[in-house]
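The values are calculated or read from the model by the stated rules, or taken from the named source; none is laboratory data. Because the structure is a prediction, the values reported are computed rather than measured. As a convention, Cβ positions derive from the backbone with ideal geometry for all residues, glycine included, and neighbour counts pool all protein chains shown. Ligands, DNA and RNA are stripped out before the accessible areas are found, and what is left, the full protein with its side chains, is counted by its heavy atoms. Shrake-Rupley method; radii C 1.70, N 1.55, O 1.52, S 1.80 Å.
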Number of protein chains: 2
Amino acid sequence: MKIDDNFYMKLAIDEAWKYQLLTYPNPAVGCVIVKDGKLLAIEAHKEAGQAHAEVNALKAAFLNYNPNSVLKTKQNSEDIHDFLIKNHNNFFNDCEIYVTLEPCNHIGKTPACANLLKELKPKRVIISVKDTNNIASGGIETLLNENIKITVGVLENEGNNLILPFLSWQNKTSIFFKIAQTLNGATNGKISSNRGLAYVHALRDKIDLLVIGGNTIRIDKPTLDTRYIQGNNPDIFIYSKNKIFDKNIPLFKTANRKVIISDDLFKLLDYKFVMIEGTYNLLEKLKQRIDFIILIISPKIKNGDNASNEINMDFEIMHENYIGEDKIVFLKRK
Amino acid sequence: MKIDDNFYMKLAIDEAWKYQLLTYPNPAVGCVIVKDGKLLAIEAHKEAGQAHAEVNALKAAFLNYNPNSVLKTKQNSEDIHDFLIKNHNNFFNDCEIYVTLEPCNHIGKTPACANLLKELKPKRVIISVKDTNNIASGGIETLLNENIKITVGVLENEGNNLILPFLSWQNKTSIFFKIAQTLNGATNGKISSNRGLAYVHALRDKIDLLVIGGNTIRIDKPTLDTRYIQGNNPDIFIYSKNKIFDKNIPLFKTANRKVIISDDLFKLLDYKFVMIEGTYNLLEKLKQRIDFIILIISPKIKNGDNASNEINMDFEIMHENYIGEDKIVFLKRK
């Protein structure tokens, strides 16, 4: 196997995917640092407000050589920036820094990564995808102005897939579809492990609207909350022509939640970040409106309901992770 | 992400899985070489008679520093051994060598890896799984006698999964089950891409018996040959109570092949390496007899036949690869 720019960028991309969607309103970004051929750090941005991928990786790389540095105690992004600018001592001059997205050039909740890199003067910065966000972009220019060598477009297709969910969200309503199933496509009954369920609850905490079919409410009576992680409960959109539901089920009793019962999908556009939880029949109805699909696969075979009407869709697998024993597959339509 | 022994061993294991089953009668083995912190080689054993994983990795590592060495021209395992023993010039003294299986200690089609490593005196050899094969084992002892530092048991569960297919084959008849399906579990019609089919043909070339259900023969009339790769055609076992088939279909006309029509599974034990190609119904019938399962998943959703009788099986996913756009999932029963 070739150990080249593609190899190191793949490590950065894979690391970033572990936090896909959990970083909102920031994009998922990964960063790898190689110092004179030595792989020192594989890190990602994990949550909005916390350090960016580059900062996490720069910290890990520095600590790799200076394990007892006071930097170890610093968690706050601004503190790490300050420390590195004052104490780098040219440590990064022979480093190659792989980052999945152009380093940000603007001071938001955390200081700009491009400014930090400019000070640290690495040997080369390798970028998968340019930032098209007008506010944050300009990082490449900042680095080029300092005569830092830049390589852009490494694993660009994979880098674009990584950022697809974020781009779908950035300027419009992002709508994604979640299905949980067994290996053979059965979707009924309890499918996911508890860790898989906790992941779904983490997603519910990030979205602002959850869409679900009326029959699921009638048959399964789900609460659709975030109790596994004690997060925020999203509003619920019950997609149904028939407006009659038993209002005594827990779904309707959950605090701080609006429940909409409607068959007018146009109302989804009142929200910014929408997850549809359903099975293949609902997917077939809504497929024109979704940006990507999350398939959670439990490694079981069991007899059950699966695709039962005329469905024919081709996908590209954007990425796959494991959540405990379950698989998480990110798909986009071809 | 921690960059430690587990990280490097995972690279070796993943590389080895790419050649799983294709190395028979040898096990799938991977090897990674890190020189003073620099990742120099990620290699695997690819085919019986060709160089072992360690030899491929030692060659790649040496060429990484000496790209114009005449070693580049050497393909034969014995020639690479000879060259490295004469020309290593202590290059490997600061190398850590990660290998998924204890280095072989016996001279078979190629010279013993343990003897080579003994001469090259690496700083440390890290091994996932000990070799239980009486003929090839003893590598650890050989290295310890030379005072080479050894670490054993890194990612042992993953290392054991990697070698499970080989161990199932070593002392008995190995029987594995292959299913091709879409994401939603549909198994009828043309499922796999041409690259997926070529992979199946490569498996057919390695096995000596292919088992298939009688109904598949009656309905699909498959040839079950290896035309995509022009390999050897395995014998066929048609699992059927009803012995009447149309003998004019190509399956029966393929040269150098025996076709058995029987419902006596005991006859499988006359063979050494058996693949069953079928769907979930056949899997349910034969599940007690199989060592592992290969699931080929095409990233499509389509309406179709899938599990239709009482099936309930739990699996561990041992590994996954891509073959073109299709996924190859290796499962074992829990």
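What to note about this one:
- B:Asn68 in a loop (DSSP other than H, G, I, E, B) and over 18 Å from B:Leu40 (Cα atoms): no
- Among the conditions (1) part of a strand (DSSP E or B); (2) away from chain B (no Cβ under 14 Å); (3) open to solvent by 40 Å² or more (accessible area, probe 1.4 Å), A:Lys332 misses just one, which is (2).
- Contact map, the stretch A:65-88: residues that are of a type in the set (Gly, Ala, Ser) paired with residues that are surrounded by 13 or more Cβ atoms within 10 Å (Cβ to Cβ), Cβ distance under 6 Å, separation 6+ or inter-chain. Pairs shown: A:Ser77/A:Ala51; A:Ser77/A:Val55; A:Ser77/A:Thr110.
- Of the strands (runs of 3 or more DSSP E) lying entirely inside the stretch B:209-319, the ones with 1 or more residues being under 28 Å from A:Ser192 (Cβ atoms) and aromatic (Phe, Trp, Tyr) are found at B:292-298.
- Inside the stretch A:279-305, residues that are within 14 Å of chain B (Cβ to nearest Cβ) and over 20 Å from the mean Cα position of the chain (by Cα) make up a count of 17.
- Only residues that are open to solvent by less than 70 Å² (accessible area, probe 1.4 Å) and among the basic types (Lys, Arg) were counted across the stretch A:229-269, and they come to 1.
- Residue list for the stretch A:142-177, filter: within 14 Å of chain B (Cβ to nearest Cβ) and open to solvent by 10 Å² or more (accessible area, probe 1.4 Å): A:Asn157, A:Glu158
- Here is the figure for the stretch A:27-49: residues that are without any contact (Cβ under 8 Å) to a residue 40 or more places away in the chain and assigned to a loop (DSSP other than H, G, I, E, B) total 4.
- A:Lys10 being in a helix (DSSP H, G or I) and under 17 Å from the mean Cα position of the chain (by Cα): yes
- The condition of being assigned to a loop (DSSP other than H, G, I, E, B), in contact (Cβ under 8 Å) with a residue 24 or more places away in the chain and open to solvent by less than 20 Å² (accessible area, probe 1.4 Å) holds for only one of A:Thr110, A:Thr100, that being A:Thr110.
- Lone unmet requirement of (1) open to solvent by 10 Å² or more (accessible area, probe 1.4 Å); (2) more than 8 Å from chain B (Cβ to nearest Cβ); (3) small (Gly, Ala, Ser) for A:Ala12: (1)
- Residues that are in contact with a Cys (Cβ under 7 Å, 6 or more places away or on another chain), more than 8 Å from chain A (Cβ to nearest Cβ) and within 28 Å of B:Phe330 (Cα to Cα), drawn from the stretch B:25-43: B:Ile33
- Of the residues examined, A:Ile317 is one that is crowded, with 18+ Cβ neighbours inside 10 Å and free of Cβ contacts under 8 Å to residues at least 24 places away in the same chain.
- Test: residue in the stretch A:297-308 that is more than 22 Å from B:Glu316 (Cα to Cα) and open to solvent by less than 20 Å² (accessible area, probe 1.4 Å): yes
- Note on the stretch A:193-207: residues that are over 22 Å from A:Lys332 (Cβ atoms) and outside any helix (DSSP H, G or I) total 1.
- A:Gly214 meets all of the listed conditions (1) without any contact (Cβ under 8 Å) to a residue 24 or more places away in the chain; (2) of a type outside the set (Val, Ile, Thr); (3) open to solvent by less than 20 Å² (accessible area, probe 1.4 Å) but one, namely (1).
- The number of residues in the stretch A:62-78 that are surrounded by 14 or more Cβ atoms within 10 Å (Cβ to Cβ), at pLDDT 95 or above and among the charged types (D, E, K, R) comes to 1.
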